[in-house]
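Participant: This is the structure I want to talk about, given as structure tokens.
The values are calculated or read from the model by the stated rules, or taken from the named source; none is laboratory data. Treat the numbers as computed from the prediction; the structure is a model and nothing was measured. Reconstructed Cβ throughout: ideal geometry from the backbone, glycine too, with neighbour counts over all protein chains shown. Surface accessibility is based on the protein's heavy atoms, side chains included, excluding ligands, DNA and RNA. Shrake-Rupley method; radii C 1.70, N 1.55, O 1.52, S 1.80 Å.
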Amino acid sequence: AKKQEMIEKEKSVALSRLVAGIAHEIKNPLTGIQNFADMIISERENPQFWDYFAEYVPKEIGRISKLIESLMNYARPAKGVKTPTEVAPLIRESMYLLNTTAASNISINVELEEGMWIFVEQDRIKQVLINILLNSLEAVEMRKKIERELRKQLQISVSAYKQFGEVFIRVEDQGDGMSE
């Protein structure tokens, strides 16, 4: 019970951080969609406007939907059912939220072997990956704050590979690290 409570508390802190980043990411496409809505009457006879509208609005709505779906998947309690899961798409989905919250001065390098499968509780492993990725992001951002003169772009690296019949997922960052 104590362990589950601690996990939920960590998840809550991570969620708060994600929500702030996602709110910013959602606001941008909503502003664009609102601009189109404001122009509908004045541009109703302009076919170029409608072509652009038909391309832009669904794309931005899809982006918002993907963000919300990613957040809901992360917040949802794990089902406890193990299923065969392909590693590369699992990592890409887990990284989607990280990519929306990472600052532009932090590079994220990804090296994934395709076609690797693991037997896991998909929701739970996503939550673990997202927590690790957010911890890396936090460590890199903290180093940037402490070393204000640090001009170089810091990196977070994510890799997945198979070795000795086992699948390994590695997350490395250039943050300050943690105590023993």
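Participant: Of the conditions (1) more than 29 Å from Glu166 (Cα to Cα); (2) assigned to a helix (DSSP H, G or I); (3) small (Gly, Ala, Ser); (4) modelled with pLDDT under 85, Gly62 satisfies every one except a single condition; which number is it?
Facilitator: Just one mismatch for Gly62, condition (4).
Participant: Check the stretch 6-19 and report whether any residue there is among the hydroxyl-bearing types (Ser, Thr, Tyr), modelled with pLDDT under 85 and open to solvent by 40 Å² or more (accessible area, probe 1.4 Å).
Facilitator: Within the stretch 6-19, one or more residues are among the hydroxyl-bearing types (Ser, Thr, Tyr), modelled with pLDDT under 85 and open to solvent by 40 Å² or more (accessible area, probe 1.4 Å).
Participant: To continue, here is another question. If I ask for residues that are acidic (Asp, Glu), touching a helix residue (DSSP H, G or I) at 6+ places or on another chain (Cβ under 8 Å) and assigned to a helix (DSSP H, G or I), which ones from the stretch 24-59 would you list?
Facilitator: Glu25
Participant: Considering only the stretch 111-130, I want to know if a residue exists there that is modelled with pLDDT under 80, within 27 Å of Ile26 (Cβ to Cβ) and surrounded by 12 or more Cβ atoms within 10 Å (Cβ to Cβ).
Facilitator: no
Participant: With respect to Pro84, determine if the residue is part of a helix (DSSP H, G or I), surrounded by fewer than 17 Cβ atoms within 10 Å (Cβ to Cβ) and at pLDDT 90 or above.
Facilitator: The answer is no for Pro84.
Participant: Taking the stretch 91-106 as the search range and keeping residues that are in contact (Cβ under 8 Å) with a residue 60 or more places away in the chain and within 8 Å of the chain's Cα centre (by Cα), which one is surrounded by the most Cβ atoms within 10 Å (Cβ to Cβ)?
Facilitator: So the residue we want is Leu97.
Participant: Could you grab me the full set of residues in the stretch 23-47 that are more than 15 Å from Ile61 (Cβ to Cβ) and either surrounded by 11 or more Cβ atoms within 10 Å (Cβ to Cβ) or at pLDDT below 85 (or both)?
Facilitator: Ala23, His24, Met39, Ile40, Glu43, Asn46
Participant: Kindly provide the set of residues from the stretch 131-168 that are open to solvent by 60 Å² or more (accessible area, probe 1.4 Å) and in contact with a strand residue (DSSP E or B) (Cβ under 7 Å, 6 or more places away or on another chain), ordered by number.
Facilitator: Matches in the stretch 131-168: Ile132, Gln153, Gln155, Phe168.
Participant: May I pose another question? Given the conditions (1) more than 13 Å from the chain's Cα centre (by Cα); (2) at pLDDT 85 or above; (3) among the basic types (Lys, Arg), report the number of the one that Lys3 does not fulfil.
Facilitator: Evaluating Lys3 over (1) more than 13 Å from the chain's Cα centre (by Cα); (2) at pLDDT 85 or above; (3) among the basic types (Lys, Arg) leaves (2) as the failure.
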